[in-house]
């Protein structure tokens, strides 16, 4: 590896038309175009995708692990937010 | 030559270019400074080896003498290879490798595009498949040439030097010999005159974007198409063939 590391990029792949892009991993690259090439060569060698997104890891705004409690725990006891209180009418598929 | 013999010799030549360039790139496997580029290079090298296999298999069928792709790759002497001198040039430093790839890929892409329109269905199919691979290789390597040329003073100087030094192997690509002419007439093959014009245009666009200068007119080397190779080629062939010649019929 070179002494000065290239910036890290996160890689997202759309596996088929109609599906959403999913995080696949990360690559190092010196610029955006190179990141796209590296993502292609690293993550789509076995026909994994039809579309790629790359984004500089340091441009992602992430939640702070120290704030997990205030961020996520309040949702734990609010079961009424889950749509499980409805009776599904007969004959409805794909709901 | 009968049309079959013409096509056989021509397809073999295509196979030789792909195999020799692939072998050169394989020499760099495990030598790249970055993991992602390492993967890219190995992928690309195997693309060329894969193309060589398709060309050789087809040549073997056309010839009808029972020779396999391995016979063509591993059991022919140096002077029977008809690859261009450009593809056998050593990897040198990274800039040398990138310039070699760009100069060849621009030509090869045009050649493959033309071959997809040739009258031999099988050759057209192989060309169509290879064309997609080479289009990506060129994109990747041209980007690198721009980065090197438009990078630091040192990378600019080295890239210009690589371009100037490899330039002498480029005119051979467009010098049509009897075989090229025969494939053009009998099989609606590539017109090297047209490809030369496209090449000049495409290469100068990349060179300009890379802030480099087109090399000056100079003495041009040729001989690959006749089996007269540069001094580097014997070592490449020896290394490539050593295993199958030492252990004939060896399998995994």
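The values are calculated or read from the model by the stated rules, or taken from the named source; none is laboratory data. Since we're looking at a predicted model, the values are computed, not measured. We place every Cβ from the backbone using ideal geometry, glycine too, and count neighbours over all the protein chains shown.
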Inset, instruction - Kindly indicate whether any position in the stretch A:33-45 is in a strand (DSSP E or B), touching a strand residue (DSSP E or B) at 6+ places or on another chain (Cβ under 7 Å) and in contact (Cβ under 8 Å) with a residue 24 or more places away in the chain. - result: no
Legend entry - Any chance residue B:143 is in contact with a helix residue (DSSP H, G or I) (Cβ under 7 Å, 6 or more places away or on another chain), without any contact (Cβ under 8 Å) to a residue 12 or more places away in the chain and either outside any loop (DSSP other than H, G, I, E, B) or closer than 30 Å to residue B:36 by Cα (or both): yes
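Out of A:72, A:12, I need the residue that is more than 14 Å from every other protein chain (Cβ to nearest Cβ), outside any loop (DSSP other than H, G, I, E, B) and modelled with pLDDT under 95. Which one?
Numbers: A:12 fails: modelled with pLDDT under 95.
Criteria check complete, one pass: A:72.
State yes or no: is residue B:18 assigned to a helix (DSSP H, G or I) and over 16 Å from the mean Cα position of the chain (by Cα)?
Values: assigned to a helix (DSSP H, G or I): yes; over 16 Å from the mean Cα position of the chain (by Cα): no.
In short, no.
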Legend entry - Among the candidates B:196, B:178, residue that is within 23 Å of residue B:115 (Cα to Cα), within 18 Å of the chain's Cα centre (by Cα) and without any contact (Cβ under 8 Å) to a residue 40 or more places away in the chain: B:196
Inset, instruction - Residues being touching a residue at least 24 places away in the same chain (Cβ under 8 Å) and farther than 13 Å from residue B:170 by Cα: count how many of those fall in the stretch B:199-214. - result: 8
Inset, instruction - Might you let me know whether the stretch B:38-50 holds any residue that is surrounded by fewer than 21 Cβ atoms within 10 Å (Cβ to Cβ) and in contact with a strand residue (DSSP E or B) (Cβ under 8 Å, 6 or more places away or on another chain)? - result: no
Legend entry - Any pair with Cβ under 6 angstrom, 6 or more apart, that starts in the stretch B:9-23 at a residue that is without any contact (Cβ under 8 Å) to a residue 24 or more places away in the chain and ends at one that is in a helix (DSSP H, G or I): none
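Say whether the condition of being touching a helix residue (DSSP H, G or I) at 6+ places or on another chain (Cβ under 9 Å), loosely packed, with under 15 Cβ neighbours inside 10 Å and within 21 Å of residue B:137 (Cβ to Cβ) is met by at least one residue in the stretch A:39-59. I'd like the intermediate steps shown before the answer.
At the first step, the residues of the stretch A:39-59 found to be touching a helix residue (DSSP H, G or I) at 6+ places or on another chain (Cβ under 9 Å) are A:39-42, A:45, A:49, A:52-56.
Okay, now just the ones that are also loosely packed, with under 15 Cβ neighbours inside 10 Å, so A:45, A:55-56.
Still in the list and also within 21 Å of residue B:137 (Cβ to Cβ): A:45.
Scanning the stretch A:39-59 turns up at least one residue that is touching a helix residue (DSSP H, G or I) at 6+ places or on another chain (Cβ under 9 Å), loosely packed, with under 15 Cβ neighbours inside 10 Å and within 21 Å of residue B:137 (Cβ to Cβ).
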Inset, instruction - Scan the stretch B:85-108 and give yes if some residue there is farther than 28 Å from residue B:194 by Cα, surrounded by fewer than 18 Cβ atoms within 10 Å (Cβ to Cβ), in contact (Cβ under 8 Å) with a residue 60 or more places away in the chain and more than 15 Å from the chain's Cα centre (by Cα), otherwise no. - result: yes
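Here is a yes/no grid of residues against (1) in contact (Cβ under 8 Å) with a residue 24 or more places away in the chain; (2) farther than 14 Å from residue B:54 by Cβ; (3) away from every other protein chain (no Cβ under 14 Å):
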residue	(1), (2), (3)
B:120	yes, no, yes
B:131	no, no, yes
B:151	no, yes, no
B:157	no, yes, yes
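So which residues in the stretch B:32-76 are away from chain A (no Cβ under 14 Å) and outside any helix (DSSP H, G or I), if there are any at all? Write out each step before concluding.
Filtering the stretch B:32-76 down to residues away from chain A (no Cβ under 14 Å) leaves B:48-49, B:51-76.
Once the filter is applied, which keeps residues that are away from chain A (no Cβ under 14 Å) and outside any helix (DSSP H, G or I), the stretch B:32-76 yields B:64, B:65, B:66, B:67, B:68, B:75, B:76.
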Legend entry - Test for residue A:91: is it within 14 Å of chain B (Cβ to nearest Cβ) and at positive phi: no
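Any residue at all in the stretch A:35-46 that's within 12 Å of the chain's Cα centre (by Cα) and at pLDDT 95 or above?
Of the residues in the stretch A:35-46, the ones within 12 Å of the chain's Cα centre (by Cα) are none.
There is no residue in the stretch A:35-46 that is within 12 Å of the chain's Cα centre (by Cα) and at pLDDT 95 or above.
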Inset, instruction - Go through (1) part of a strand (DSSP E or B); (2) more than 25 Å from residue B:47 (Cα to Cα); (3) touching a residue at least 24 places away in the same chain (Cβ under 8 Å) and name the single condition residue A:26 misses. - result: (2)
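Limited to the stretch A:46-69, what total is found for residues that are part of a loop (DSSP other than H, G, I, E, B), in contact with a strand residue (DSSP E or B) (Cβ under 8 Å, 6 or more places away or on another chain) and closer than 30 Å to residue B:44 by Cα?
3
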